[in-house]
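Here the structure is laid out as structure tokens; the discussion comes afterwards.
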Amino acid sequence: MGLEFLARLQFGLTISFHYIFPPLTIGLSLILVYAQGAYLKTKDPVYRQMVRFWVRIFGLVFALGVATGIVMEFQFGTNWATYSRFVGDVFGSALAAEGIFAFFLESGFLAILLFGWDKVSPRFYFISTVLVAFGTHFSAVWIVVANSWQQTPAGHRVVEFGGSMRAEIVDIWQVVFNPSFFDRITHVFMGAWQAGAFFVLSVSAFYLIKKRHIELARKSIKIALVIAVFASVMQLITGHHSGNTIARTQPAKLAAFEGHFPASAPAGAYLFGWVDEEKEKTTGLEIPGLLSFLVHWNADEPVTGLKAFSPADRPPVNIVFQSYHLMVVAGMILILISLVSAFYWWRDKLFTTKWLLTVLVFSVLLPQIANQLGWFSAEVGRQPWIVYGLLRTGEALSVSVGSGQVITSLVLFVLIYLLLFVLFIYLLDEKIRHGPDEEVPKMTGPRA
């Protein structure tokens, strides 16, 4: 195994494990805002109980997100030193903004949510939930800015510095609002809202099946289902817009999504299939002209295909094809589950339909699967570029790190992350099985 493959594998594993947690905190933060706002308005003690319970879950998820996120930044300097020198000016600005403007805001007010229950007024506690939610979303903004710049670089110039090339910011607003930023951040937000909403739906459905904490479960489902329906439908819309942007800015990636090889020809969309990269042929169930229609609103309009690029400039097509289509399947199932659940809620049958509650219990896995597959499609589809059109992945490695060192650290990472994951599942299971406190102390802080 080559150094490039090992370094990519290590970073892929660490970021995949890390990305389990931020979407959950983003989605759960909306639940907390709604529940605390409902308590302020109604004084219903069930909402107070709900906030107390979900805050504890949020705190656990947040802790794992922080612990796993720090590791990724260190890998920039160990395995990817050339890349770090090239993007340091751009990435340093985005990551510094994330830490100063978002992370400290989120973590600071999270301390109030976790430890200030009986020390601040209900109104100030609500303000704290809003600021935590804002912080989680704002943190995602800066991470997506950095990643989107890799996909569609803008607002920079490439200069020689210390004997190597580097990108320098010339227009910070072009860096932030690069061509793919809006599509990607809305897509990320919808995926995160799905993750949080379906997590709450899963736990609440479990309680209803077990006939425990009935009122809390029913109210939690009502809140989460509204978010789930909205986010699932909007995920389809934001995905479509993102595809149109990719058609303009990264045509090789879009062609890989659908295994489209002709250099310029109308393109269909596959429901499923297999790509033979040697024969440059895709076999499967295809809807003719659909990709052309989605991109151009004309089924006969040509779409740039993989043969327009040299083999050295193409991504690994079949991997991208399969991950993209599995992501779409997961997204469509989430839309179906959320709409069916909403229909049963409207018919006043949701809370007593055991088969649907069982589906909701296991649906928690689907947003995670879809989010992971979405990142695989985006990142592998960008290859062979680590910064699209500017720096190839094979040229971005550290020159002083060998394969043996990467293998050793990779094995250690896997062992540590397995331990962390087992610990996380154990603690999460303990909190869910324990459930909310039956008697939650009143919020007795000073009036705000």
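State the number of residues belonging to the range 40-82 that are surrounded by 22 or more Cβ atoms within 10 Å (Cβ to Cβ), of a type in the set (Ser, Thr, Tyr) and over 20 Å from the mean Cα position of the chain (by Cα).
1
So which helices (runs of 4 or more DSSP H) stay within the range 179-283 end to end and still have 1 or more residues that are in contact (Cβ under 8 Å) with a residue 40 or more places away in the chain, within 30 Å of residue 354 (Cα to Cα) and touching a His at 6+ places or on another chain (Cβ under 6 Å)? Walk me through how you get there before you give the answer.
Numbers: elements: 181-210, 214-249, 251-257.
Hits in the range 179-283: 181-210.
Of the residues 120, 145, which is in contact (Cβ under 8 Å) with a residue 40 or more places away in the chain, in contact with a helix residue (DSSP H, G or I) (Cβ under 7 Å, 6 or more places away or on another chain) and not in a loop (DSSP other than H, G, I, E, B)?
Going through 120, 145 in turn, the sole match is 145.
Taking interchain pairs and intrachain pairs at least six residues apart, which have beta carbon atoms under 7 angstrom, with the first residue in the range 403-431 and closer than 26 Å to residue 57 by Cβ and the second in a helix (DSSP H, G or I) and among the charged types (D, E, K, R)?
431/56
Return the total of residues in the range 302-321 being touching a residue at least 24 places away in the same chain (Cβ under 8 Å), in a helix (DSSP H, G or I) and either loosely packed, with under 15 Cβ neighbours inside 10 Å or touching a strand residue (DSSP E or B) at 6+ places or on another chain (Cβ under 8 Å) (or both).
Total meeting the criteria: 6.
Just checking, does the range 124-141 include any residue being within 11 Å of residue 90 (Cβ to Cβ) and under 21 Å from the mean Cα position of the chain (by Cα)? Write out each step before concluding.
Our first condition is that a residue be within 11 Å of residue 90 (Cβ to Cβ); within the range 124-141, this holds for none.
No, the range 124-141 contains no residue that is within 11 Å of residue 90 (Cβ to Cβ) and under 21 Å from the mean Cα position of the chain (by Cα).
Restricting attention to the range 406-434, report how many residues are surrounded by 12 or more Cβ atoms within 10 Å (Cβ to Cβ) and more than 21 Å from residue 69 (Cα to Cα).
The number of residues fulfilling the criteria is 2.
Please go through the range 383-397 and give me each residue that is assigned to a strand (DSSP E or B) and among the aromatic types (Phe, Trp, Tyr), ordered by number.
The one that is assigned to a strand (DSSP E or B) and among the aromatic types (Phe, Trp, Tyr): 385.
Does the range 13-26 contain at least one residue that is over 18 Å from the mean Cα position of the chain (by Cα) and at negative phi? Steps first, please.
Of the residues in the range 13-26, the ones over 18 Å from the mean Cα position of the chain (by Cα) are none.
No, every residue in the range 13-26 fails to be over 18 Å from the mean Cα position of the chain (by Cα) and at negative phi.
What tally of residues in the range 284-301 results from selecting those that are touching a helix residue (DSSP H, G or I) at 6+ places or on another chain (Cβ under 7 Å) and in contact (Cβ under 8 Å) with a residue 12 or more places away in the chain?
Matching residues across the range 284-301 total 5.
Can you tell me which residue in the range 1-11 is surrounded by the most Cβ atoms within 10 Å (Cβ to Cβ), limited to those that are in contact (Cβ under 8 Å) with a residue 24 or more places away in the chain and either in a helix (DSSP H, G or I) or within 13 Å of the chain's Cα centre (by Cα) (or both)?
7
Considering only the range 336-363, how many residues are assigned to a helix (DSSP H, G or I) and either farther than 23 Å from residue 207 by Cα or of a type in the set (S, T, N, Q) (or both)?
Qualifying residue count for the region: 4.
Matching residues to (1) without any contact (Cβ under 8 Å) to a residue 12 or more places away in the chain; (2) in contact with a Pro (Cβ under 8 Å, 6 or more places away or on another chain); (3) more than 30 Å from residue 314 (Cα to Cα); (4) crowded, with 19+ Cβ neighbours inside 10 Å:
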position	(1), (2), (3), (4)
349	yes, no, yes, no
355	yes, no, yes, no
359	no, no, yes, no
389	no, yes, no, no
397	no, no, no, yes
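Looking at (1) buried (at least 19 other Cβ atoms within 10 Å of the Cβ); (2) modelled with pLDDT of 85 or more, which is the one condition that is false for residue 106?
That leaves (2) as the condition not met.
Of the residues 258, 286, which single one is buried (at least 24 other Cβ atoms within 10 Å of the Cβ) and within 15 Å of residue 328 (Cβ to Cβ)? Before you say what the answer is, go through the steps one by one.
Details: 286 fails: buried (at least 24 other Cβ atoms within 10 Å of the Cβ).
That would be 258, the only listed residue that is buried (at least 24 other Cβ atoms within 10 Å of the Cβ) and within 15 Å of residue 328 (Cβ to Cβ).
Given the conditions (1) aromatic (Phe, Trp, Tyr); (2) under 21 Å from the mean Cα position of the chain (by Cα); (3) under 27 Å from residue 369 (Cβ atoms), report the number of the one that residue 91 does not fulfil.
Among (1) aromatic (Phe, Trp, Tyr); (2) under 21 Å from the mean Cα position of the chain (by Cα); (3) under 27 Å from residue 369 (Cβ atoms), the lone unmet condition for residue 91 is (3).
The values are calculated or read from the model by the stated rules, or taken from the named source; none is laboratory data. Only a predicted model underlies this, so the values are computations on that prediction, with no experimental measurement involved. Methodologically, a virtual Cβ is constructed for each residue, glycine included, from the backbone with ideal geometry; neighbour enumeration extends over all protein chains shown.
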